[in-house]
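J.: A single structure is presented below for examination.
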Amino acid sequence: MTPLDRLVRERIAIEGPIPYATVIELALYHPEHGFYSRGGVAGRRGDFLTSPEVGPLFGGLVAEALDREWDRCGRPDEFVMVDAGAGPGTLARSIGAAEPRCREALVHVAVERSEAQRAQHPDGIRSVGAMPTGPVTGLVFANELLDNLTFQPVLRVDGEWVDAVVEVRDGRLVTGPGPAAADGPDDGTDGFIAQRAAARWLDEALTVLERGRVIVVDYARTSGADVEVRTYRGHERGGDPLADLGSQDITVDVDLEQLARRIRRPDSVTTQAEWLQTLGVEALVDEGRDQWNAGAAGGGLDALLGRSRIREAEALCDPDGLGSFTVAQWVVG
Ligand SMILES: C[S@@+](CC[C@H](N)C(=O)[O-])C[C@H]1O[C@@H](n2cnc3c(N)ncnc32)[C@H](O)[C@@H]1O
């Protein structure tokens, strides 16, 4: 039993059943025992490999997206990149290294709620624990953030929607019916996952922007019916989300239809592979291949960087992996 399992059981013994979303919040973000506070990290040696952690290519292409949006906004003197759920700041490092055209105007704000992750952010950026208040002109970018925000399963009991709670039964933490839910679709389903925190985040992101674009890259679905809760531990699928609280990552696919219903429909939805193609990944790979072909025999640094770029592009565009991620964009102004 983890320290957090004990803590949640003690709380249930005193208060009675706890809302499911509260337990997920504790499991991921309890200041001492939560998965992310304990150092659950993205990276090659971490618990999962995200696109920015594959290598510098992803950040280079996000830098291109920044330049295009800066152009669309009329090249303002100040252009803000809100890097939401920034993790250890790897994306900021890659964007800096790519030297986008907008660099003189660029203010990179890395928003990360974990203090341990913020401590790793590079110099030269603004590192903060919560979304800035706008209005700003710029890009709000969230890679694999929304699937890590808390969610609330909603169940249909005797024809009524109720929020799920967590209770103790036969010595285990299990899901049970709780108080009446604020919302529920009228489509004959028995239950769904309410993504109220993701909706609040999107609302906030759109409000921060006077002009610009919100880009969300994540596991996503356009219909909530088959959204499932998944857990990950050390690059492998984990177990029951209510077991060993704090020891595994807990995620759900982002339900874009629900975000559309609650806040706003995205202006465009593509896969990550398609998005990276529009940003010119193929030209960069061709350049890498030329570098590798020119210097492979000598094994020089340029040649190795060229080969590495080819491999990164394969991983980022893999139709069975990161390439299948959804990129949803909302344009403001
Ligand atoms: C799966 S990681 C992704 C990190 C990074 N974007 C990447 O792609 O490598 C999600 C990060 O979001 C952070 N996070 C979760 N909720 C947050 C919030 N409301 N505001 C800011 N950061 C948050 C977590 O602490 C974690 O570092």
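J.: Scanning for something of a type in the set (V, I, T), within 21 Å of the chain's Cα centre (by Cα) and either modelled with pLDDT under 95 or crowded, with 19+ Cβ neighbours inside 10 Å (or both), does segment 186-199 turn up at least one residue? Before you say what the answer is, go through the steps one by one.
T.: Keep residues of segment 186-199 that are of a type in the set (V, I, T), which gives 189, 193.
Okay, now just the ones that are also within 21 Å of the chain's Cα centre (by Cα), so 193.
Right, trim to either modelled with pLDDT under 95 or crowded, with 19+ Cβ neighbours inside 10 Å (or both) and you get 193.
Checked against the condition, which is being of a type in the set (V, I, T), within 21 Å of the chain's Cα centre (by Cα) and either modelled with pLDDT under 95 or crowded, with 19+ Cβ neighbours inside 10 Å (or both), segment 186-199 yields at least one hit.
J.: A follow-up question, please. Which of the following residues is assigned by TED's automatic domain parsing to the domain that holds V327, of a type in the set (V, I, T) and within 24 Å of V8 (Cβ to Cβ): V128, V168? Steps first, answer last, please.
T.: Details: V128 fails: within 24 Å of V8 (Cβ to Cβ).
Only one candidate qualifies: V168.
J.: Considering every residue within segment 145-153, establish whether at least one is under 24 Å from G16 (Cβ atoms) and away from the ligand (no atom under 16 Å from the Cβ). Working first, answer last.
T.: Going through segment 145-153, the residues under 24 Å from G16 (Cβ atoms) turn out to be 150-153.
Of the ones still in play, those that are also away from the ligand (no atom under 16 Å from the Cβ) are 153.
Among the residues of segment 145-153, at least one is under 24 Å from G16 (Cβ atoms) and away from the ligand (no atom under 16 Å from the Cβ), which makes the answer yes.
J.: Next up: Here is a list: V154, V166, V140, V136. Which entry is touching a residue at least 12 places away in the same chain (Cβ under 8 Å) and within 17 Å of G59 (Cβ to Cβ)? Can you show your working first?
T.: Numbers: V154 fails: within 17 Å of G59 (Cβ to Cβ); V166 fails: within 17 Å of G59 (Cβ to Cβ); V136 fails: within 17 Å of G59 (Cβ to Cβ).
Of the residues listed, the single one that is touching a residue at least 12 places away in the same chain (Cβ under 8 Å) and within 17 Å of G59 (Cβ to Cβ) is V140.
Every residue, every condition in (1) touching a residue at least 24 places away in the same chain (Cβ under 8 Å); (2) surrounded by 20 or more Cβ atoms within 10 Å (Cβ to Cβ); (3) over 25 Å from D67 (Cα atoms), yes or no:
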residue	(1), (2), (3)
R265	no, no, no
T270	yes, no, no
A294	no, no, yes
G300	no, no, yes
L304	no, no, yes
S308	yes, no, no
A313	yes, yes, no
C317	yes, yes, no
L322	yes, yes, no
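J.: Among the candidates D302, D253, single out the residue that is outside the structural domain of P185 (by TED's automatic domain parsing) and either modelled with pLDDT under 95 or touching a Lys or Arg at 6+ places or on another chain (Cβ under 9 Å) (or both).
T.: Details: D253 fails: outside the structural domain of P185 (by TED's automatic domain parsing).
Selected residue: D302, the only one of D302, D253 that is outside the structural domain of P185 (by TED's automatic domain parsing) and either modelled with pLDDT under 95 or touching a Lys or Arg at 6+ places or on another chain (Cβ under 9 Å) (or both).
J.: Considering only residues of segment 111-143 that are acidic (D, E) and either at pLDDT 95 or above or crowded, with 21+ Cβ neighbours inside 10 Å (or both), which is nearest to the ligand (Cβ to nearest atom)? Spell out the reasoning first.
T.: So in segment 111-143, the residues acidic (D, E) come out as 112, 115, 123.
Then drop every residue that is not either at pLDDT 95 or above or crowded, with 21+ Cβ neighbours inside 10 Å (or both), which leaves 112, 123.
Numbers: E112: 5, D123: 19 Å.
By that ranking, first place goes to E112.
J.: Would you confirm whether any residue within segment 76-85 is within 12 Å of the ligand (Cβ to nearest atom) and either without any contact (Cβ under 8 Å) to a residue 40 or more places away in the chain or aromatic (F, W, Y) (or both)?
T.: Restricting attention to segment 76-85, the residues satisfying the condition of being within 12 Å of the ligand (Cβ to nearest atom) are 82-85.
Checking which are either without any contact (Cβ under 8 Å) to a residue 40 or more places away in the chain or aromatic (F, W, Y) (or both) leaves us with none.
Checked against the condition, which is being within 12 Å of the ligand (Cβ to nearest atom) and either without any contact (Cβ under 8 Å) to a residue 40 or more places away in the chain or aromatic (F, W, Y) (or both), segment 76-85 yields no hits at all.
J.: Report yes if some residue within segment 217-228 is within 13 Å of the ligand (Cβ to nearest atom) and crowded, with 18+ Cβ neighbours inside 10 Å; otherwise report no.
T.: To start, the set of residues in segment 217-228 that are within 13 Å of the ligand (Cβ to nearest atom) comprises 217-219.
So of that shortlist, the ones also crowded, with 18+ Cβ neighbours inside 10 Å come out as 217-218.
Yes: segment 217-228 contains one or more residues that are within 13 Å of the ligand (Cβ to nearest atom) and crowded, with 18+ Cβ neighbours inside 10 Å.
J.: Here's a follow-up. State yes or no: is Q258 in the same structural domain as G59 (by TED's automatic domain parsing) and in a helix (DSSP H, G or I)?
T.: Working: in the same structural domain as G59 (by TED's automatic domain parsing): yes; in a helix (DSSP H, G or I): yes.
Yes; evaluated as a whole, the condition is true for this residue.
J.: What residue, among those in segment 131-146 that are assigned to a strand (DSSP E or B) and not hydrophobic (A, V, I, L, M, F, W, C), is nearest to W201 (Cα to Cα)?
T.: So the residue we want is N143.
The values are calculated or read from the model by the stated rules, or taken from the named source; none is laboratory data. The shown structure was predicted, so the numbers you read here are calculated from the model rather than taken from an experiment. Reconstructed Cβ throughout: ideal geometry from the backbone, glycine too, with neighbour counts over all protein chains shown.
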